[in-house]
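Structure, as structure tokens:
The values are calculated or read from the model by the stated rules, or taken from the named source; none is laboratory data. Because the structure is a prediction, the values reported are computed rather than measured. Cβ atoms come from the backbone with ideal geometry, glycine included; neighbour counts cover every protein chain shown. Only protein heavy atoms, including side chains, enter the accessible area calculation; ligands, DNA and RNA are left aside. Shrake-Rupley method; radii C 1.70, N 1.55, O 1.52, S 1.80 Å.
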Amino acid sequence: MSDSKPKFYTSWFCPFAQRVWIALLEKGIDFEYIEVDPYKKTPEWLSVSPRGLVPVLVHQGKSVYESGICIEYIDEEWPENPILPKAPYQRAYERIWADHIAKKIIPPFYAMLLKKETELQENAKKEMLEQLLVLTKAMDPTGPYFAGSQVGLVDIMLAPFAIRFFILKHYRGFQVPSGDESPFARFNKWYIAIKERDSTGKTSASDEEYIGIYKRYTDDTGQSLVATAIRQGTALP
């Protein structure tokens, strides 16, 4: 197979890897899908992924990893159907809010599942809603996507976690308030639009599969680096 065709190393359950999968589909790129078990740190796997994590994109014999970096690489290498806008400020604006997702939304997502004490779970719910509202206020008022009518970086970075909110409801009773008068009305409009994208549906597993795989976070058997970081109160990997 030609090295010009990218190889996408992923694990079906990983939301970080799903970001890159969505980006590849949105860009219309022909790629090779390779399912791996990232918990098996074999020499072969570590030669592809130095940290032993997914996602990894191998292109022209070189590995690119970390989901946000993979997405930007894809966007630069294949400029058709751009994910990031051309204007420098608009690009920066997307990156600012992608960073907000990484630092302010993903931590309470996992904390809600991992924390055993009810008080800590409730604190994570409160933090999640507060930070989602901050993000919502930064959205283009019309939408339906974060920056307007086109899917962009922020949409792709948040989508895999947003479509897993039902897991938080199943295990912890969390949900985003609904209704036209809710301060989350714009967020809910975004959620409907992103969930209905072909790229989201084609890269998602069934609800039952997700419920099953995320149980390990609620019973404290999850061994991912994310789970370890949440337990230790350190930055996510």
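Points to keep in mind about this one:
- Per-pair calculated FRET efficiency, R0 = 22 Å: PHE166 and GLN90 via Cβ, rounded to 0.05: 0.10
- For LYS126, a cut-off of 19 angstrom between C-alpha atoms picks up these lysines, skipping any fewer than 8 places away in its own chain: LYS103, LYS104, LYS115, LYS116, LYS137, LYS169.
- Accessible area of LEU84 in the full protein assembly, 1.4 Å probe (Å², nearest 10): 10 Å²
- Helix-only [θ]222 nm of the chain, DSSP H runs n ≥ 4, -39500 (n - 2.57) each, per residue, nearest 500: -16000 deg cm²/dmol
- Rounded to the nearest 10 Å², the accessible area of TRP21 at probe 1.4 Å: 40 Å²
- Average Cα contact separation per residue, the stretch 1-140, under 8 Å, 6 or more apart, as relative contact order %: 20 percent
- Applying 1/(1 + (r/R0)^6) with r as the Cβ-Cβ distance of GLU196 and LYS41 and R0 = 25 angstrom yields a FRET efficiency of 0.10.
- For LYS41, a cut-off of 21 angstrom between C-alpha atoms picks up these lysines, skipping any fewer than 8 places away in its own chain: LYS7, LYS62.
- Extension gain (nm, one decimal) between SER149 and ALA185, 0.36 nm per residue minus Cα-Cα: 11.3 nm
- The spacing between the stretch 87-114 and the stretch 157-225, judged by their C-alpha centroids, is 16 Å.
- Between SER206 and GLU80, the contour length at 0.36 nm per residue exceeds the alpha carbon distance by 42.3 nm.
- Gain on full stretching of the segment that runs from LYS5 to ASP220 - 0.36 nm per residue minus C-alpha separation: 73.5 nm
- Among beta bridges that DSSP assigns inside the chain, antiparallel share in %, nearest 5: 65 percent
- Of all accessible heavy-atom area on the stretch 153-237, the percent that carbon and sulfur account for (1.4 Å): 50 percent
- Note on SER178 and ASN123: with the Förster distance fixed at 25 Å, the Cβ-Cβ geometry gives a FRET efficiency of about 0.65.
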